[in-house]
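Take a look at the structure below.
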Amino acid sequence: MLRPSSSTSSSEHARSKRMLSRTRLQRRILSIVLWTIGGLILIDTTVGFAFRFPVDSQRQSTSLQRYFDYGRSIEGKLRREVGPTPEQDAAIVKAGWIANECDIATPSPPGKLIFDIYGMSFSNQIADQMVRLDPGLVSHDFGGPAAPPNHSYACFVHRVEAKRARAPIQILGILASSIPRMETISGLTTSFEAPEPFTYPRYSLTSDEHLVGYVPSIKTQDDLRAALADPVKWRAFLDELAAHDYFYAEKVFKADVFDHSVLARLIRRAWGQRVLRVRTSALRAADGYSGAPDIAPVLRAMLLDFANRARSAGEIPIIILIEDRGYGGTLSAIAAPVLQENHIDYINTSAIVSPDDSGNFLSDGHFTPAVNEKIARDVLVLLSRTP
């Protein structure tokens, strides 16, 4: 009977040891992976619990709570901020709705020079300085957070067509950095980290150069609440955004299971910032928004129609071109020629303060009070020259 040689036995023994060693290595690697995953889940859960957002949408959150929540989907944030009743909504949910903000009655104190101003926080701050410098003035502010020209124009048109009492001076503030929002129908898609739900029309020009606006189905705070409670209405609104809002990105917008993970939210926050940056850059602001050829002619048509409607009502139209940081010259290049050609009074903030000087801005991007005062003084000089 043949017996295995000692060399064959040694070979099998070595092979067995290698297999055992490989198995131990694989188990060790698997153990490390599982412990790592378990550790991440524990960290994720602990941080999520420690810095969970307040259940009450009207309660102020801390900076760390906001930091770890920034990457939640836009829909996820909305569903948390919109309460069962308007009174229970977060403050941002109430801001900017044309049917609300632009339909209010405004007092007309006797002996005062009154002006209506349409825009956003930049224009409101300029108006505040004007009133501070001249107590004989009274301002009525109409606007929304970082409102684009289509919101401001639609607000003015709403007041005209609703036959609301208006001031003898109509001022339209246009913010350069808000121009990309002319390609949107809501403040939601360009404010991922802190969604602004208000909506507005997106305008285009007909073949005979007339403005026509696409009006979204959600027009009020209550419309938004009803849509969030009705899957059919909500799906229809998402379809509208996909069709008419250039900045809509489904993976950033729609709620999903990753809303419950702090780590996933941090990743989505970075992705959301990249989407906004890439799409904004593709519009090519420095080239007169050549990436969206309809922006310039639509903006010019809005400015002209605003002035013509005001003049036909016996009002004085004034435009403030607000060129904020990073957008110096882009707005005036588009708007100034049509304003000059049609003898429409306007102020260009770049001619007053440099948008490239960081010293002219606060940390939140707004002008400093001193800059607002300079701009306000120039507007007052312009007012003093009007008949």
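The values are calculated or read from the model by the stated rules, or taken from the named source; none is laboratory data. The structure displayed is predicted, hence computed values, not measured ones. Ideal geometry is used to build each Cβ from the backbone, glycine not excepted, and the neighbour counts take in all protein chains shown.
Is it fair to say SER354 is touching a Gly at 6+ places or on another chain (Cβ under 9 Å) and over 21 Å from SER152 (Cα atoms)?
yes
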*Of these, ILE316, ILE347, which one is out of contact with any Gly (no Cβ under 7 Å at 6 or more places or on another chain), modelled with pLDDT of 95 or more, crowded, with 20+ Cβ neighbours inside 10 Å and among the β-branched types (Val, Ile, Thr)?*
ILE347
*For the range 70-136, which helices (runs of 4 or more DSSP H) that fit wholly inside it have 1 or more residues that are hydroxyl-bearing (Ser, Thr, Tyr) and buried (at least 22 other Cβ atoms within 10 Å of the Cβ)?*
121-133
*asked:* Out of everything in the range 191-244 that is among the charged types (D, E, K, R) and touching a strand residue (DSSP E or B) at 6+ places or on another chain (Cβ under 9 Å), what residue ends up being nearest to ARG181 (Cα to Cα)?
replied: ARG202
*Applying the selection to the range 139-168, what residues are in contact with a helix residue (DSSP H, G or I) (Cβ under 7 Å, 6 or more places away or on another chain) and either β-branched (Val, Ile, Thr) or more than 21 Å from TYR248 (Cα to Cα) (or both)?*
SER139, ASP141, PHE142, GLY143, TYR153, ALA154, CYS155, PHE156, HIS158, VAL160, ARG166
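Here is a check on your reading of the model: is HIS140 under 23 Å from LEU303 (Cα atoms) and crowded, with 23+ Cβ neighbours inside 10 Å?
Spelling it out, it is not the case that HIS140 is under 23 Å from LEU303 (Cα atoms) and crowded, with 23+ Cβ neighbours inside 10 Å.
Among the residues of the range 259-270, write down those that are part of a helix (DSSP H, G or I) and either without any contact (Cβ under 8 Å) to a residue 60 or more places away in the chain or among the small types (Gly, Ala, Ser) (or both).
Answer for the range 259-270, where residues must be part of a helix (DSSP H, G or I) and either without any contact (Cβ under 8 Å) to a residue 60 or more places away in the chain or among the small types (Gly, Ala, Ser) (or both): ALA264, ALA270.
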*Based on what the data block shows, is LEU228 touching a residue at least 40 places away in the same chain (Cβ under 8 Å), outside any loop (DSSP other than H, G, I, E, B), surrounded by fewer than 24 Cβ atoms within 10 Å (Cβ to Cβ) and not aromatic (Phe, Trp, Tyr)?*
yes
